[in-house]
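The values are calculated or read from the model by the stated rules, or taken from the named source; none is laboratory data. Please read these numbers as outputs of a predicted model, since none were measured by experiment. In this analysis, Cβ positions are derived from the backbone assuming ideal geometry, glycine residues included, and neighbour counts consider all displayed protein chains. Quick note on the areas: whole protein, heavy atoms, side chains included, nothing else; ligands and nucleic acids left out. Shrake-Rupley method; radii C 1.70, N 1.55, O 1.52, S 1.80 Å.
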Amino acid sequence: MYESIGCTTLEAELKECLSEKRYRHSLAVAQTCLQLDTRYSLHLDQAELYVAALMHDMAREWSKEQLVDYALAHNLHLLGEEREYPVLLHAPVAASLLSARGFSKAVCTAVRYHSLGSIHMGLMGLLVYVSDYLEPNRTHLGQQDRERLLALATPEELCLAVLEQERVYLASKDKQISACSEELYRFLCSGGKF
């Protein structure tokens, strides 16, 4: 059971299976999640939040073949975009791996939806989703943009702003937002709360 596994053990495990850059990203996402939890006074379980954020990319450096093989072998429920772009499978695969190790549903759900976002991701998932976008090692955001986003009043406003920036980016690449991201966008635009 995961309660007996400390965060130091998980960090060491992750360091062994990820590149240095991806490992630093994972640590930064975890720290950003904790900072956002404090900033918004959410009072989520700190250990679970840290684990979800730390382990969100644990399968990110698997090959497309490994991800597809695992998803098929474990009969994972996949979204259309995940079938179309196998790199996105790292999210459901990581969630499945964590579930098999006894991690909570909240942790696994947060990891499951960290790439595309979802109305089903919960507040923990929202923090992992936005932290994955905002963490300070990411180069697509300047410090001024990051500070503007972090100044937003609620986590839902922050998530909506991240989704809006994602929409602009995808449009510039002639791509469409995923169906679950669009559903999340509409949910938040209509005042939805987690």
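Would you call residue 67 under 27 Å from residue 178 (Cβ atoms) and either open to solvent by 40 Å² or more (accessible area, probe 1.4 Å) or in contact with a Lys or Arg (Cβ under 9 Å, 6 or more places away or on another chain) (or both)? Write out each step before concluding.
Numbers: under 27 Å from residue 178 (Cβ atoms): yes; either open to solvent by 40 Å² or more (accessible area, probe 1.4 Å) or in contact with a Lys or Arg (Cβ under 9 Å, 6 or more places away or on another chain) (or both): no.
Considered against the rule, which asks whether it is under 27 Å from residue 178 (Cβ atoms) and either open to solvent by 40 Å² or more (accessible area, probe 1.4 Å) or in contact with a Lys or Arg (Cβ under 9 Å, 6 or more places away or on another chain) (or both), residue 67 comes out as no.
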Q | Residue, modelled with the highest pLDDT, within the stretch 1-25, restricted to residues that are open to solvent by less than 40 Å² (accessible area, probe 1.4 Å), closer than 20 Å to residue 105 by Cα and part of a helix (DSSP H, G or I) | A | 10
Q. What's the number of the condition residue 44 fails, among (1) touching a Cys at 6+ places or on another chain (Cβ under 9 Å); (2) surrounded by 15 or more Cβ atoms within 10 Å (Cβ to Cβ); (3) in a helix (DSSP H, G or I)?
A. (3)
Q) Taking the stretch 104-119, which residues are crowded, with 24+ Cβ neighbours inside 10 Å and over 10 Å from the mean Cα position of the chain (by Cα)? A) 107
Q) How many residues does the stretch 47-64 contain that are part of a loop (DSSP other than H, G, I, E, B) and open to solvent by 20 Å² or more (accessible area, probe 1.4 Å)? A) 5
Q. Looking at the stretch 122-194, what helices (runs of 4 or more DSSP H) fall wholly within it and have at least 2 residues that are of a type in the set (D, E, K, R) and crowded, with 16+ Cβ neighbours inside 10 Å?
A. 155-172
Q) Which of (1) more than 26 Å from residue 181 (Cα to Cα); (2) at pLDDT below 95; (3) under 19 Å from the mean Cα position of the chain (by Cα); (4) of a type in the set (D, E, K, R) is the odd one out, the single condition residue 83 does not satisfy? A) (1)
Q: Please find, within the stretch 88-103, the residue that is nearest to residue 184 (Cα to Cα) out of those that are open to solvent by less than 20 Å² (accessible area, probe 1.4 Å) and over 12 Å from the mean Cα position of the chain (by Cα).
A: 89
